[in-house]
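Chemist: The structure that follows is given in the form of structure tokens.
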């Protein structure tokens with residue numbers, strides 16, 4: 001069974017990363033949390049990537065401001081990479097562009113909500129793990145049922 005390796009740019013990203021890890025738990029996906037800045041410690045970041053890429057993993061990168069971590073991680077591995085940058089009002093949300101604009105041959109997925117990043121990772125890992133795939137299907141069925149219940153409540157039907 002696969003797992004998600006959450007790489008943070010700094011300890012300041014820990015709470016956001018814990019939200020991702022908690023959401024991963026609901027899908028039966030284990031999470032490993034690591035800190036390795038692509039700007040300040042690129043060789044450490046490289047070593048973390050190489051340590052885990054031998055396994056069935058999805059990398060989830062958590063870095064704001066100038067997000068080199070996601071592109072660096074993606075360029076160093078054949079494994080899927082999901083960028084989940086924490087939102088900051090500090091730059092009016094413009095720092096998200098550093099997660100979206102990537103050079104050629106570098107293609108991390110970008111998901112802005114921790115729960116969404118966990119869902120995307122579970123869907124990827126579910127391609128090889130039927131138990132994870134079943135949890136994704138149950139999660140989606142529950143979301144549909146909530147919408148139907150809410151609709152009935154609102155329309156009085």
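Chemist: Please go through the stretch 14-33 and give me each residue that is buried (at least 23 other Cβ atoms within 10 Å of the Cβ) and over 17 Å from residue 129 (Cα atoms), ordered by number.
Modeler: Within the stretch 14-33, 17, 20 qualify.
Chemist: Kindly check whether there is at least one residue in the stretch 127-135 that is touching a helix residue (DSSP H, G or I) at 6+ places or on another chain (Cβ under 6 Å) and closer than 23 Å to residue 21 by Cα.
Modeler: yes
Chemist: Taking the condition of being touching a strand residue (DSSP E or B) at 6+ places or on another chain (Cβ under 8 Å) and farther than 13 Å from residue 49 by Cβ, how many residues in the stretch 68-95 meet it?
Modeler: Looking only at that region, the number is 5.
Chemist: Identify all residues within the stretch 81-103 that are surrounded by fewer than 20 Cβ atoms within 10 Å (Cβ to Cβ) and either modelled with pLDDT of 95 or more or not in a loop (DSSP other than H, G, I, E, B) (or both); write none if there are none.
Modeler: 94, 95, 96, 97, 100
Chemist: Could we say that residue 142 is without any contact (Cβ under 8 Å) to a residue 60 or more places away in the chain and more than 14 Å from residue 58 (Cβ to Cβ) here?
Modeler: Taking the combined requirement at face value, the residue satisfies it.
Chemist: Just checking, how many residues over the stretch 56-80 are part of a loop (DSSP other than H, G, I, E, B) and either at pLDDT below 95 or buried (at least 24 other Cβ atoms within 10 Å of the Cβ) (or both)?
Modeler: Result for the stretch 56-80: 6.
Chemist: Which members of the stretch 7-33 meet the condition of being over 26 Å from residue 139 (Cβ atoms) and outside any helix (DSSP H, G or I)?
Modeler: Once the filter is applied, which keeps residues that are over 26 Å from residue 139 (Cβ atoms) and outside any helix (DSSP H, G or I), the stretch 7-33 yields 9, 10.
Chemist: Keeping to the stretch 104-130, report how many residues are under 22 Å from residue 142 (Cα atoms), touching a residue at least 60 places away in the same chain (Cβ under 8 Å) and in a loop (DSSP other than H, G, I, E, B).
Modeler: The number of residues fulfilling the criteria is 1.
Chemist: Okay, next question. Just to be sure I understand, how many residues within the stretch 37-69 are under 17 Å from residue 84 (Cβ atoms), out of contact with any helix residue (DSSP H, G or I) (no Cβ under 6 Å at 6 or more places or on another chain) and touching a residue at least 60 places away in the same chain (Cβ under 8 Å)?
Modeler: 1
The values are calculated or read from the model by the stated rules, or taken from the named source; none is laboratory data. Everything quoted here is computed from the prediction, not taken from an experiment. Glycine also receives a Cβ, built like all others from the backbone with ideal geometry; neighbour counts cover every protein chain displayed.
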